[in-house]
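Any read-out appearing in this document is the output of simple, stated calculations on the displayed coordinates, not a laboratory observation. All figures in this text were calculated on a predicted structure; none of them were measured in a lab. Ideal geometry is used to build each Cβ from the backbone, glycine not excepted, and the neighbour counts take in all protein chains shown.
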Amino acid sequence: MRAEADAARRRRLRVVGPQSLASGAALLALSALALFLTGDLPQGTLRAMGPAMLPRWLAVGVGLCGLALVVAGLVRAGHALEPWSLRGPALVVLAVLTFAVTIRPFGLGPVTIPGLGLIGAGPLTVVIGGLAAPDARLRELVALGLTLTAGCMVLFGDLLNLPIPLFPQALADAFPSGWSSDARLRVTAALMAAAGLAAHLAGTRGRRAADRTDVPGPAGRP
Amino acid sequence: MGDLLANLALGFGTVLQIVPVEVPVLGMVPLPMNVLLCFVGCLVGTLIGVLPGVGPVATIAMLLPITFRFDPTGALIMLAGIYYGAQYGGSTTAILVNIPGEATSVVTTLDGHAMARQGRAGVALGIAAIGSFFAGCVATVVIAALGAPLTRLALVFGPAEYFSLMVMGLVFAVVLARGSILKAVAMILLGILLSTVGADLETGRERMTFGLQFLSDGIDFAVLAMGLFGVAEILRNLDHSESRDVVRQAIGRLLPGREDLRQSALPIVRGTAIGAILGILPGNGAVLGPFASYTVEKRIARDPGRFGRGAIEGVAGPESANNAGAQTSFIPLLTLGIPPNAVMALMVGAMTIHGIVPGPQVMTKNASLFWGMIASMWVGNVMLLVINLPLVGVWVRLLKVPYRLMFPAILLFCCIGIYSINSLPTDIMFIGLFGVVGYVLIKFSFEPAPLLLGFVLGKLMEENLRRALIISRGEMSTFVERPVSAGLLLVAACLLAVALLPTIRKGRDEVFVE
């Protein structure tokens, strides 16, 4: 049914290889961008190559490949475009961006986003990214985010001493001043792991209650 | 020969060296630090490599930061361990779940998973470990034996020869890429183009940086690799509704019986030879090893019909070839300073972070590092044998973790890993960007591997091209007038011509479809 509709659409547009056509067009666009960006740079001579010589010729090469693909897409029957999804990529990218702007204070024009350190960025990334899965469950992700972050704090901050911000400044100040940074880290990690575990237990208990009503199979859970 | 033994002795001396280490509670304790690092590397590498959809490139990129704290020798030994671990973990996934961790374990899924379905998963894993161990031992000796002469060869290489060698490597990569040759060429050109982003080495002029300051150093390789192989892979997996069939049958006993060993002895030897030779080739020849070995075994088998239905030769040969190739692909890096594939490019990154410039001078300037790394390969293979066979149960349980919980963890590790390399939030943003780029490439059925290789070799190529042209006063003919360079280019041209012949093309498609 869907294949027929696709075929009909293809006939109307007279594009026999949509994938080739689209990928060729993308290459042409990239090539044009590179040519534009290197436009004001000197090319030099073979004897003394300028900064633009190689990029420009490479861009021409990429463009030629793109052209060949476009022609192939118009002339030769090829694959259809694969279906795209938006939710997955959008949420995953959002998660990555969230980590980037919250790990340490980040200036965005006039606004400065306060740095949350790993303790804030970690769970946020896991939860936002995790929602990209079609079968995501919020409580499960919260539990995972908290425990994973606690583990990462111990591994990267305590054992490996990597230069990664762990807490926001406000939280570091909230500890009694006599505490060493290691003690602060370990106590926070333990608290987070405990919170994660609590969330997990609460989740399983809730689910067990639900399971009793609708009894899903062991593997066929939607 | 005496030299070789002396060098290996130096290597094992370095690996087994006992250094006093401060342990929090016990104070200073003498520990064989490098052996421990090798062990941890193999263990962690296998742990991450077993996860479906995480190949060696993403594993190494993710784990790169955990090696920062150690001295260069220890760090590289650990990284090498992570590499074999990830490689081996990929085969475990291939056998147990029918998902190849990466390109080189694709053929293992055919007979390995069939064996697992027959309740012989243990034997399949066991023979893979034994074959890999044998291949690893042989490959270690090959590297040790070829290292010195090839390094001497490298010293005669001028810029023109280097350039031609890299062209040959890229042509190899085109021929070995799956799918359309045109698309592979486009990816390689695009990769080189990406490598030219940033300040020009000679004139210092900014190229294609959009005026952004953090781009003036160019794009970081780890960022590109993590985006294309880590994040993009997640995006791709999210599109496919998950159907993982972890074997439900018992794993069975691990040690192959006498009959199994007899059947796999020769395939292991042949696979090792094929893999070791192909692994040395620049342009990721190691990928071809398992395919070639499988084809050979199937052709010479008395009863080819058994293949695909759980023939033990179909696991033993390709797995040996896989490991042999994985190790001999260190040769171009250690002797010529040219990374033949993406994994080796990450090794270059790691070496540079520790202040070591890869190339022929490593062997003379950092002899203990060079030979220590080679000796650690053998130690690493012993570790893999020790780790993998008893821990199979753990890997099986790990494989049952649903993807919806696995990928957020991978994502977090990617973010932390990339941030700790340069402490730049922009790097994290770029892995998101390259992740989307990689997703688009996959949707257009472009292969990201050639792009990465082009990117890796791009800077070196430009440098050598310019140098060669300065020496020859702008005469392009220098590349064909110098005999070695001409020979390399001729090989490249022949390969390309052969790959374009209609009959071979058909055969090539069949190899990859299989």
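Summary of computed values
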{"item": "Top positive-direction residue, dipole computed over the protein assembly as shown with Cβ charges, set B:343, A:51, B:450", "result": "B:450"}
{"item": "Cut-off 12 Å between beta-carbons: net charge of the residues surrounding residue B:264, Lys and Arg +1, Asp and Glu -1", "result": "-3"}
{"item": "Cα Rg, Dmax, region B:323-478, angstrom units", "result": "20.0, 64"}
{"item": "All lysines inside 27 Å of residue B:459 as judged from Cα atoms, apart from same-chain residues fewer than 8 positions distant", "result": "B:183, B:365"}
{"item": "Order of B:113, B:354, B:240, A:79 - criterion: other Cβ atoms within 10 Å of each residue's Cβ, fewest first", "result": "B:240, A:79, B:354, B:113"}
{"item": "Region A:99-160-region B:77-145 distance, computed between alpha-carbon centres (Å)", "result": "34"}
{"item": "Anchor residue B:298: lysines whose Cα lies under 19 Å away (excluding residues fewer than 8 positions away in-chain)", "result": "B:506"}
{"item": "Chain B - charge dipole about Cα centre, Lys and Arg +1 at Cβ, Asp and Glu -1, debye rounded to 20", "result": "1020"}
{"item": "Neighbour-count ranking [beta-carbon atoms within 10 angstrom, fewest first] of B:83, B:88, B:403", "result": "B:403, B:83, B:88"}
{"item": "Relative contact order, percent, chain B [alpha-carbon distance under 8 Å, six or more residues apart]", "result": "27"}
{"item": "Cα-only Debye scattering, region A:87-209: base-10 log of I(q)/I(0) at q = 0.12, 0.13, 0.18 Å⁻¹", "result": "-0.50, -0.58, -1.00"}
{"item": "Spatial separation of Cα centroids for region A:25-57 and region B:412-457, in angstrom", "result": "23"}
{"item": "Region B:403-496 - charge dipole about Cα centre, Lys and Arg +1 at Cβ, Asp and Glu -1, debye rounded to 20", "result": "60"}
{"item": "Calculated P(r) tail over 15 Å for region B:175-239, as whole % of Cα pairs", "result": "65"}
{"item": "Point-charge dipole on Cβ atoms (K/R +1, D/E -1) for the protein assembly as shown, about Cα centre, debye to 20", "result": "1680"}
{"item": "Of B:485, B:408, B:150, farthest towards positive along the dipole that unit charges on Lys, Arg, Asp, Glu beta carbons give region B:32-513", "result": "B:408"}
